[in-house]
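> Before anything else, here's the structure in question.
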4 protein chains.
Amino acid sequence: MADKPAPDPSRRSERSRRAIFDAALALVGEVGYDKLTIEGIAARAGVGKQTIYRWWPSKAAVLLDAFTDGVDEDYAKGLPDTGDLAADLKFVLRATADEFNDPVFQAPYRALAAAGANDEELSRAFVGRLLEPGTRVYVDRLRAAQETGEVAAGIDVRVAVEMLLSPFSQRWLMRTGELTHEYVDTLVDLLLCGLRPRD
Amino acid sequence: MADKPAPDPSRRSERSRRAIFDAALALVGEVGYDKLTIEGIAARAGVGKQTIYRWWPSKAAVLLDAFTDGVDEDYAKGLPDTGDLAADLKFVLRATADEFNDPVFQAPYRALAAAGANDEELSRAFVGRLLEPGTRVYVDRLRAAQETGEVAAGIDVRVAVEMLLSPFSQRWLMRTGELTHEYVDTLVDLLLCGLRPRD
Amino acid sequence: MADKPAPDPSRRSERSRRAIFDAALALVGEVGYDKLTIEGIAARAGVGKQTIYRWWPSKAAVLLDAFTDGVDEDYAKGLPDTGDLAADLKFVLRATADEFNDPVFQAPYRALAAAGANDEELSRAFVGRLLEPGTRVYVDRLRAAQETGEVAAGIDVRVAVEMLLSPFSQRWLMRTGELTHEYVDTLVDLLLCGLRPRD
Amino acid sequence: MADKPAPDPSRRSERSRRAIFDAALALVGEVGYDKLTIEGIAARAGVGKQTIYRWWPSKAAVLLDAFTDGVDEDYAKGLPDTGDLAADLKFVLRATADEFNDPVFQAPYRALAAAGANDEELSRAFVGRLLEPGTRVYVDRLRAAQETGEVAAGIDVRVAVEMLLSPFSQRWLMRTGELTHEYVDTLVDLLLCGLRPRD
DNA sequence: CTATAAACGAGACGGTACGTCCCGTCTTTAA
DNA sequence: TTAAAGACGGGACGTACCGTCTCGTTTATAG
């Protein structure tokens, strides 16, 4: 019960916070997550180790904050709605594929996904701050399509979105295939039509 | 270039090999992957550290071998084929869901999935030895369904299987939801029928 | 060369000064000198660290001030002079032995003696404020004895006092023996008579 | 009770042991005892920190071993015995004074004396290995003088030796005076004759 | 039925990073 | 304006493991 006195966030050094984020992102790209080190981040940032330990519980938490810092508003816009569901989905997924193929994006994202697998606490934060908002915009778009009748009424929209995004993520995470535009097109088409032959 | 003389596998101690596997699996369950150490495995197995370093390059490799030791023949049987594709898929996926909900299975599998995300070499082995065989049986079953006309001819079967298995894996890995029988049923139905309303 | 502006001693908080002394003496007894820290003193005294750094250069200096605060007038009285030199020396040395055997006295005194050995500056202050006054009263008493003829005229009184007090201090500091009343009696007798057999 | 398994001294690296001693003695002379650091010794010696922690409990213990390594046989010879006690004592004490005035000797010896004051365990080792053997040779010489009648029979020889050596040590440790040849001569003469005037 | 070479257990070694404590400085807040 | 509070850059602590490297000691063929 004897927690050590919580630090006072109002006295926190913004300069140090930024330097730590920059250092963490740079280093994870240069040396990889396994060789990423609190000590290394502190040294690169010109900061005492305690300044990191004071505000974060682990290198994963630092990286998550660094990665999500200022990215939160990306999801505010939502998906485009041109009335053509397939086209809208393909448009956004193609852009996402390009992003996932960007090397500077890969290292921290992979690291966080992996760290989350073994750390329940972290995975909750990772999901809540990155995956869930990214999923929600698809859910919203599909619901809109349901109201126009473009999508069947009884469908579990959440599961449908998973069927679109999880294969994408999995392929990338496990390196089981390339994330090409053709691939995402196939995903979207298959999701919309299903396997069953049409009469 | 002067590699150290390769050890002679024929003189290898089977007793030690098994003890190392047992220790690795037990420890990953008890302390988690991050706190799993080569020294800890060696001590628990009653084995010198060098005996581990002689045969494996990393703790992840040990764990992968330990986890897959004797499990390889599981995939030989293939999926059941009762003629009812949906029923067959649901039957197997439900069993898999039960397996993934088993605590002793979770720790090493999560660990390996996570380690693979940051280690390309390991991920190839992980995919090749665990994911790919597991996927293949689904691919085969779907191809059979294509020949009976139960599944449309033009479908990319590989992608279809991903749309079934990846949401399942992702949900479990990221802890975004429970793996229930209802969930897998929904997945199968959605995959087979697609989102589009039928006329 | 631009020394920081010297603090104004007239505005100094007497309450803080006392609290720091109390805390320093209490802590050195509880945790020992090596684990005595400025932060610990400040926390125990309910004082900001800077209030200590403003007025003292080191924890040794704090402790020396704390230890000598109000003890300076002890030496004003001088030694008793009953006309019997041996009796007077034994009387005072026995009392001193009792004092050195007091646990609350030991910790700070040992700490200061030790710190002085490695810090020339501190040792000068320690000697000047504690050792030298304590020695001087013995010197005065011996000089008086010289004038009465109780002590030979040519004797180097300073060295004689050292021969009385140093064995005493050394025994205590190095723990090479107990400081008993018998011991100090032996010292005094030996000093007065010398080793050489009398005819 | 659960002590960690004692290391096996037979497998100890002699090379490392020597390197650690050399580094410790060099560093204590260069930076002083307070700034002497286990980390610094390890770095200078080209040795892992654990190799120091494995064999010694503290920097003081390292220094004591380094200082006494190979010096133990110095005391084997004993004091000269020319039949003239005063001359013999002065001869040896003058040499000791010269040694104590040697700068390379000072730093480790001061450090050990100081550390011993606050660490009972260490002080026992310091006394047992350095002070006690140094004292014993004087005790033996005085006992021999007692047998020839040069020294009175009833004298407590141990205390007499303290009266000779402690003023010497104290002067040096506390820097209360120079250790000159004249000083040691005065000490010896005073000890032998005592303060009381002879008839 | 040895003898000999390997794999083995044990663990010391030079290192790196951990997470903590404290240093001495600097800044912010309330009296 | 001073002092409490405490965040900061920094350095060392003592610990845990890393991966390498001897040490004897099994052990298991090849002579």
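The values are calculated or read from the model by the stated rules, or taken from the named source; none is laboratory data. Keep in mind that this is a model prediction, so the values were computed, not measured. Note: ideal-geometry Cβ built from the backbone for every residue, glycine included; neighbour counts use all protein chains shown.
> Would you confirm whether any residue within the stretch C:154-162 is at the interface with chain D (Cβ under 7 Å from one of its Cβ atoms) and over 12 Å from D:M163 (Cβ atoms)?
Yes, because at least one residue in the stretch C:154-162 is at the interface with chain D (Cβ under 7 Å from one of its Cβ atoms) and over 12 Å from D:M163 (Cβ atoms).
> Considering the stretch C:99-127 alone, what residues qualify as being of a type in the set (F, W, Y), touching a residue at least 60 places away in the same chain (Cβ under 8 Å) and surrounded by fewer than 22 Cβ atoms within 10 Å (Cβ to Cβ)?
Result: C:F100, single match.
> Would you call C:R124 in contact with a His (Cβ under 9 Å, 6 or more places away or on another chain), part of a helix (DSSP H, G or I) and away from DNA strand E (no atom under 16 Å from the Cβ)?
So C:R124 does not fit the description; no.
> Please pick out the residue among A:D34, A:D102 that is of a type outside the set (A, V, I, L, M, F, W, C) and in the same structural domain as A:T180 (by TED's automatic domain parsing).
Of the residues listed, the single one that is of a type outside the set (A, V, I, L, M, F, W, C) and in the same structural domain as A:T180 (by TED's automatic domain parsing) is A:D102.
> Exactly one of these conditions fails for B:L93: (1) buried (at least 16 other Cβ atoms within 10 Å of the Cβ); (2) within 14 Å of chain A (Cβ to nearest Cβ); (3) near DNA strand E (Cβ under 10 Å from one of its atoms). Give me its number.
For B:L93, the exception is condition (3).
> Do the conditions hold for B:Y75, that is, is it assigned to a loop (DSSP other than H, G, I, E, B) and either under 17 Å from the mean Cα position of the chain (by Cα) or within 13 Å of DNA strand F (Cβ to nearest atom) (or both)?
no
> Checking B:A86 against (1) within 29 Å of A:V127 (Cα to Cα); (2) surrounded by 17 or more Cβ atoms within 10 Å (Cβ to Cβ); (3) more than 8 Å from chain A (Cβ to nearest Cβ), which test does it fail?
That leaves (1) as the condition not met.
> Shifting gears a bit: Of all residues in the stretch C:24-36, which are closer than 18 Å to C:P57 by Cβ and either more than 22 Å from the chain's Cα centre (by Cα) or not in a loop (DSSP other than H, G, I, E, B) (or both)?
Residues satisfying the conditions are C:A24, C:V28.
> For the structure I just gave you, tell me whether C:G40 is over 22 Å from the mean Cα position of the chain (by Cα), in contact (Cβ under 8 Å) with a residue 12 or more places away in the chain, more than 8 Å from DNA strand F (Cβ to nearest atom) and assigned to a helix (DSSP H, G or I).
yes
> So, one more: Taking B:F21, is it part of a helix (DSSP H, G or I), more than 14 Å from DNA strand E (Cβ to nearest atom) and not basic (K, R)?
When the stated conditions are applied, B:F21 does not pass them.
> Those residues that are away from chain B (no Cβ under 11 Å) and free of Cβ contacts under 8 Å to residues at least 60 places away in the same chain, I need them from the stretch A:134-143; list them, please.
If the condition is that a residue be away from chain B (no Cβ under 11 Å) and free of Cβ contacts under 8 Å to residues at least 60 places away in the same chain, then A:G134, A:Y138, A:V139, A:R143 are the ones that fit.
> Okay, next question. Within the stretch C:43-64, work out how many residues are touching a helix residue (DSSP H, G or I) at 6+ places or on another chain (Cβ under 8 Å) and away from DNA strand F (no atom under 16 Å from the Cβ).
4
> Restricting the search to the stretch D:31-74, which residues are surrounded by fewer than 18 Cβ atoms within 10 Å (Cβ to Cβ), more than 15 Å from DNA strand E (Cβ to nearest atom) and within 14 Å of chain C (Cβ to nearest Cβ)?
D:S58
> Now a separate question. Using the structure shown, decide if C:F91 is more than 9 Å from DNA strand F (Cβ to nearest atom), assigned by TED's automatic domain parsing to the domain that holds C:R129 and without any contact (Cβ under 8 Å) to a residue 40 or more places away in the chain.
Yes.
> Also, I was wondering about something else. How do the helices (runs of 4 or more DSSP H) wholly within the stretch C:128-199 filter down when requiring 1 or more residues that are crowded, with 21+ Cβ neighbours inside 10 Å and touching a Ser or Thr at 6+ places or on another chain (Cβ under 6 Å): which remain?
C:157-174
> Check off (1) more than 10 Å from every other protein chain (Cβ to nearest Cβ); (2) modelled with pLDDT under 95 for D:D98 and give me the number that stays unchecked.
(2)
> Have a look at C:L122, C:L165, C:L131 and point out the one that is aliphatic (A, V, I, L, M) and at the interface with chain D (Cβ under 7 Å from one of its Cβ atoms).
C:L131 is the lone residue from the list that is aliphatic (A, V, I, L, M) and at the interface with chain D (Cβ under 7 Å from one of its Cβ atoms).
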